[in-house]
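Trainee: Structure in C-alpha cells, see below.
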Amino acid sequence: MATNSDRSPAPEFQPGLDWINVDHPLTLRELRGKLVLLDFWTYG
C-alpha cells in the first residue's frame, strides 16, 4: 500500500490542450480535493 511519502505530485496539464464543456483550461490547483473523472478517447 502506498503512503504519502511514496507519492510525487502530478505534473500540470500541458498548455494548448483542447478542453470540452469548461470555460477555461483547468489547473490541478483548481481540482485539488475534488473527485475527477477522466475519459480518454480518440477519433478513429
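Trainee: Any idea which of Leu37, Leu26 is part of a loop (DSSP other than H, G, I, E, B) and either of a type in the set (S, T, N, Q) or without any contact (Cβ under 8 Å) to a residue 12 or more places away in the chain (or both)? Spell out how you get there, then give the answer.
Mentor: Details: Leu26 fails: either of a type in the set (S, T, N, Q) or without any contact (Cβ under 8 Å) to a residue 12 or more places away in the chain (or both).
Every option except Leu37 fails the conditions.
Trainee: Pick from Pro9, Pro25, Pro15: which is surrounded by 10 or more Cβ atoms within 10 Å (Cβ to Cβ) and at negative phi? Before the answer, list the steps.
Mentor: On the way: Pro9 fails: surrounded by 10 or more Cβ atoms within 10 Å (Cβ to Cβ); Pro15 fails: surrounded by 10 or more Cβ atoms within 10 Å (Cβ to Cβ).
Answer to the selection: Pro25.
Any read-out appearing in this document is the output of simple, stated calculations on the displayed coordinates, not a laboratory observation. Keep in mind the model is a prediction, meaning the values are calculated, not measured. So basically every Cβ, Gly included, is an ideal-geometry build from the backbone, and we count neighbours across all protein chains shown.
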